[in-house]
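A.B. asks: What follows is a single structure, and I will ask about it in a moment.
The values are calculated or read from the model by the stated rules, or taken from the named source; none is laboratory data. None of these values were measured; they are calculated from a predicted model. Don't worry about glycine lacking a Cβ; one is built from the backbone with ideal geometry, like all the others, and counts go over all protein chains shown. SASA here: full protein model, heavy atoms, side chains in, ligands and nucleic acids out. Shrake-Rupley method; radii C 1.70, N 1.55, O 1.52, S 1.80 Å.
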Amino acid sequence: MEKIANYINGVYTPPLSNAYLDNINPAIAEVYSLIPDSDEGDVEVAVQAAQNAFENWSTMSVHKRSNILLKVAQLIEDKLQAFAEAESIDNGKPVWLAKTVDIPRAAANFRHYATAALHLHTETHAMELTALNYTLRQPIGVVGCISPWNLPLYLFTWKIAPALAAGNCVVAKPSEITPNTAFMLAQCCIDAGMPAGVLNIVHGLGPKVGQAIAAHKNIPVISFTGGTQTGATIASIAAPMFKKMSLELGGKNPNIIFADCDFEHALATTVKSSFSNQGEICLCGSRIFVERPIYEKFKQGFVAATKALKVGDPQQDNFMGAIVSEMHYHKILSYIQLATEEGGTILTGGRAIKPEGRCANGYFIEPTIIEGLSYNCRTNMEEIFGPVVTIMPFDTEAEVLQYANATKYGLAATVWTTNLNKAHRVAALLHSGIIWINCWLLRDLRTLFGGMKNSGLGREGGFEALHFFTEEKNVCIKF
Ligand code: NAD
């Protein structure tokens, strides 16, 4: 069976413990590779390698650094099919989705930050004929990056690329549930000529490897994406050490559909924003609020379109594949059970699926729509992170804003209306870091990304990420 290896100081390295964890293909519920069960000893070696590499990497000309990162982007693209297949096996998502979304975006992350770094600039503040102040933006040192399983290479590289482009060295940990594409990325870095120690990838469990990264005294910056509870644990360790932190956490996003929307467009996009990637995207709209005059028509259209979605073998032409793990599969099913206990009516879905053939034992769940719940019941307050949405009518703008803003989360929101004034007004009043009007998941990598309330701290994307990964210094020269 294939053994995944850590990538430390430029070479593939087994874990010091020589212990391994099972890596499961969720579409067939079988172990297919082994992951290093690394610990703080491996993190220590990785940090030392990163510290040793820092001087050379941080003082290299930005053009040279940029060229290495551009080569990594190109190598990911050259291996698009292999990366997409690996992502699908690890995560359960359809190969077509990994091939059109996850892997191209991972390459785009490297390309975006390789070139953005060329344009990073700072300010001067002249004090008439007295003095000149200028700002230095310097790489910080060793950055810790910890990422989740839902968009494995996409989110892993979304942190690593800006951290490296800004001149830092990185110790990174992908999710132990989806380690494979991070393992493959290491080869791209070797082939691109990235100097040893600049990027180090340590595989293993969150409470062992992730926590060791969060707590390491020589890692002054932590960039984390994952669950809100894990974010709180990391913050409780890193904040007293005064580490710089970026936390991208959970969501429970509203999708608000006004009666004056472009109906067909709203309907088609809502199917995608509800069930793409098995609903396992932090940006999926899981609470759908529809203005009463079109409620019944929208509901009927949405249920019919959802019933038509194909779920099954991720290697075939299905819209949805497998849920990422057995544990997550049971969590989602338990929330469907909770929804019925809370008085919800399942309009479609609600059950596990056992596809015929090689995926008969895999973790598949029907896309599920639930009606008849109160806006503030647990089903509508807690993150499910699966193919489960609720739908309910509303009568006024004030009422829907109250529903939408009622959760402890504030990641993304989608609004459908052709009334420009209403669009601007509602966007301003929603408590979410990302607002999409008449679209969903349309991303420009120059824009800021992140959530408010319990959905996170700080913003990724654009120059904001390069700023986060640098330390500012004001220099005042009197003349
Ligand atoms: P998770 O919090 O369980 O794990 C995320 C990462 O943290 C993994 O690499 C894990 O090993 C590690 N980890 C776990 N415990 C740790 C600890 N004590 N110390 C340090 N690291 C630890 O999250 P998940 O289940 O992998 O991902 C799903 C969650 O991620 C959902 O809540 C989803 O909304 C969120 N998410 C948020 C965004 C965003 O941009 N805001 C994007 C994707 C996913």
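A.B. asks: For LYS217, go through the lysines and keep the ones whose alpha-carbon is under 29 Å away, minus same-chain ones fewer than eight residues off.
C.D. replies: Cα-Cα hits under 29 Å: LYS159, LYS173, LYS208, LYS243, LYS244, LYS453, LYS473.
A.B. asks: Just for the Cα atoms in the stretch 253-444, what are the lengths along the principal axes, largest first, rounded to whole Å?
C.D. replies: Cα extents, longest axis first: 52, 33, 31 Å.
A.B. asks: At 0.36 nm per residue, minus the direct Cα-Cα distance, what do THR418 and PHE242 gain on full extension? Give it in nm, one decimal, please.
C.D. replies: Full extension from THR418 to PHE242 adds 58.7 nm.
A.B. asks: Just the ratio, please: alpha-carbon radius of gyration of the stretch 62-206 over 2.2 N^0.38 Å, N its number of residues.
C.D. replies: 1.19
A.B. asks: Using the Cα centre of the chain as origin and beta-carbon charges of +1 (Lys, Arg) and -1 (Asp, Glu), tell me which of PRO36, ILE434, THR368 is placed farthest towards the positive end of the dipole.
C.D. replies: The residue sitting most towards the positive pole is ILE434.
A.B. asks: If you stretched the chain out fully between ALA131 and ASP260, how much longer would it get, using 0.36 nm times the residue separation minus the C-alpha to C-alpha distance?
C.D. replies: Length gained between ALA131 and ASP260: 40.7 nm.
A.B. asks: Choose one of PRO152, ASN405, THR379: the residue whose Cα lies farthest towards the positive end of the charge dipole of the chain (beta-carbon charges +1 Lys, Arg; -1 Asp, Glu; about the Cα centre).
C.D. replies: ASN405
A.B. asks: Using the Cα centre of the stretch 253-444 as the reference point, and only Cβ charges (+1 on K/R, -1 on D/E), how large is the resulting charge dipole? Debye, rounded to the nearest 20.
C.D. replies: The dipole magnitude comes to about 140 debye.
A.B. asks: Ok, one more. Report the one residue of LEU118, ILE76, PHE242 whose Cα lies farthest in the direction of the positive end of the charge dipole of the chain (charges on C-beta: Lys and Arg +1, Asp and Glu -1; origin at the Cα centre).
C.D. replies: So the residue furthest toward the plus end is LEU118.
A.B. asks: Over the stretch 412-479, with every protein chain in place, what whole percent of the accessible area is carbon and sulfur at 1.4 Å, could you tell me?
C.D. replies: After summing per-atom areas, the C and S share lands at 59 percent.
A.B. asks: Which whole-number percent is the relative contact order of the chain (Cα, under 8 Å, 6+ apart)?
C.D. replies: 19 percent
A.B. asks: I want the antiparallel fraction of DSSP beta bridges within the chain, as a percent rounded to 5.
C.D. replies: DSSP beta bridges in the chain are roughly 45 percent antiparallel.
A.B. asks: I would also like to ask the following. Mind giving me the nanometre distance, one decimal, between the label points for ARG358 and LYS307, set 7 Å out from Cα along Cα→Cβ?
C.D. replies: For the pair ARG358/LYS307, the computed spacing is 3.2 nm.
A.B. asks: Output the 0 to 90 degree angle, nearest 10, between the alpha-carbon long axis of helix 228-238 and the longest principal axis computed from the alpha carbons of the chain.
C.D. replies: The angle comes out near 20 degrees.
A.B. asks: Sticking with this one: How big is the accessible area of TRP96 in square angstrom, nearest 10, if you roll a 1.4 angstrom probe over the protein chains?
C.D. replies: Result for TRP96: roughly 90 Å² accessible.
A.B. asks: If I take every Cα pair under 8 Å that is 6 or more residues apart in the stretch 253-444, average their sequence separation and divide by the length, what percent do I get for the relative contact order?
C.D. replies: Once normalised by length, the contact order is 28 percent.
A.B. asks: How much area per residue is accessible in the stretch 44-162 when the probe is 1.4 Å and only protein heavy atoms are counted (Å²)?
C.D. replies: 40 Å²
A.B. asks: With no solvent and one equal point scatterer placed on each C-alpha of the chain, evaluate the Debye formula and give log10 I(q)/I(0) for q = 0.06, 0.07 Å⁻¹, two decimals.
C.D. replies: Calculated log10 I(q)/I(0) at the listed q: -0.28, -0.38.
A.B. asks: Same structure again: Round to a whole number: what % of the accessible area of the stretch 297-381 belongs to carbon and sulfur, probe 1.4 Å?
C.D. replies: Answer for the stretch 297-381: carbon and sulfur cover 50 percent of the accessible area.
A.B. asks: Give the cross-link partners of LYS310 among the aspartates and glutamates, using a straight C-alpha distance below 15 Å as the criterion and excluding same-chain residues fewer than 8 apart.
C.D. replies: Those aspartates and glutamates meeting the cut-off are GLU356, GLU366.
A.B. asks: Just the number please: accessible area per residue for the stretch 253-444, 1.4 Å probe, all protein chains included, in Å².
C.D. replies: About 40 Å² of surface per residue is accessible.
A.B. asks: On full extension of the chain, what length is gained from VAL31 through ASN52, given 0.36 nm per residue of separation minus the C-alpha to C-alpha distance?
C.D. replies: Difference between extended and current length: 3.9 nm.
A.B. asks: Suppose every K and R has +1 on its Cβ and every D and E has -1 on its Cβ; what is the size of the dipole of the chain about the Cα centre, in Debye to the nearest 20?
C.D. replies: Charge dipole, the chain, about its Cα centre: 740 debye, nearest 20.
A.B. asks: What size of dipole, in debye to the nearest 20, comes out for the stretch 1-125 about its Cα centre when the only charges are +1 on Lys and Arg C-beta atoms and -1 on Asp and Glu C-beta atoms?
C.D. replies: The calculated dipole for the stretch 1-125 is roughly 700 debye.
A.B. asks: Can you work out the Karplus-derived ³J(HN,Hα) for every residue in the stretch 141-155? Use 6.51 cos²θ - 1.76 cosθ + 1.60 with θ = phi - 60°, whole Hz, and x for glycine or proline.
C.D. replies: Ordered by residue, 3J(HN,Hα) equals x, 9, 9, x, 10, 10, 10, x, 9, 6, 10, x, 6, 4, 7 Hz.
A.B. asks: Here is a further query. Using modelled backbone amide H atoms (1.01 Å from N, in-plane), which distant-in-sequence or interchain residues come within less than 5 Å of ILE353's amide H?
C.D. replies: PHE364, ILE365, GLU366
A.B. asks: Suppose R0 equals 25 Å; then what is the FRET efficiency for GLU326 and TYR12 from their Cβ-Cβ distance, rounded to the nearest 0.05?
C.D. replies: 0.30
A.B. asks: OK, next. For the stretch 188-281, which whole-number percentage of the solvent-accessible area (1.4 Å probe, protein heavy atoms only) is attributable to carbon and sulfur atoms?
C.D. replies: Ligands and nucleic acids excluded, carbon and sulfur give 63 percent.
A.B. asks: Sticking with the crude label model, points 7 Å out along Cα→Cβ, report the distance from THR124 to CYS377 in nm, one decimal please.
C.D. replies: Placing both labels 7 Å along Cα→Cβ, they lie 6.4 nm apart.
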